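Down below is the structure, laid out as structure tokens.
The values are calculated or read from the model by the stated rules, or taken from the named source; none is laboratory data. The structure presented is a predicted model; accordingly, all values stated were derived computationally and were not measured. SASA here: full protein model, heavy atoms, side chains in, ligands and nucleic acids out. Shrake-Rupley method; radii C 1.70, N 1.55, O 1.52, S 1.80 Å.
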Amino acid sequence: QVQLVESGGGMVQAGGSLRLSCTASGRRTFFSARTMGWYRQAPGKERELVASITSGGNTNTVDSVKGRFTISRDNAKNTVYLQMNSLKFEDTGVYYCVSLGLPQTWGQGTQVTVSS
């Protein structure tokens with residue numbers, strides 16, 4: 001069983017940047033084979049998948065964050081990152097790291113607050 005731990009959230013002014021990290025741990029994580037993603041849950045809204053990265057490094061981002069958010073991974077560190085630039089108020093929410101294979105595995109979430 002893999003465990004995911006996020007870090008890097010916090011409060012930032014609009015236009016600022018944050019980098020989220022998510023590290024996988026466990027007896028046999030097979031991290032490099034996993035498709036990883038970052039979900040976001042904004043206040044009063046459903047969770048949405050904002051970015052994903054395959055084992056081969058192919059990435060996808062939702063239109064609302066294209067050009068501002070970049071997902072990447074370091075398999076040697078069992079870590080996936082979400083670089084968030086030009087942050088907007090509407091990026092506020094709890095960000096969850098997720099292993100997207102079956103069964104899905106979720107981290108505990110990290111709060112990102114963008115002040116306008």
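Inside the stretch 13-61, can you point out the residues that are in a helix (DSSP H, G or I) and open to solvent by 40 Å² or more (accessible area, probe 1.4 Å)? Within the stretch 13-61, SER32, ALA33 qualify. Just so you know, in the stretch 1-12 the residues that are open to solvent by less than 50 Å² (accessible area, probe 1.4 Å) and not hydrophobic (A, V, I, L, M, F, W, C) include one that is farthest from the chain's Cα centre (by Cα), and it is GLY10. Within 20 Å of SER86 (Cα to Cα), at pLDDT 95 or above, within 15 Å of the chain's Cα centre (by Cα) and not in a strand (DSSP E or B): does that describe SER64? Here the answer is yes, as SER64 does meet what is asked.
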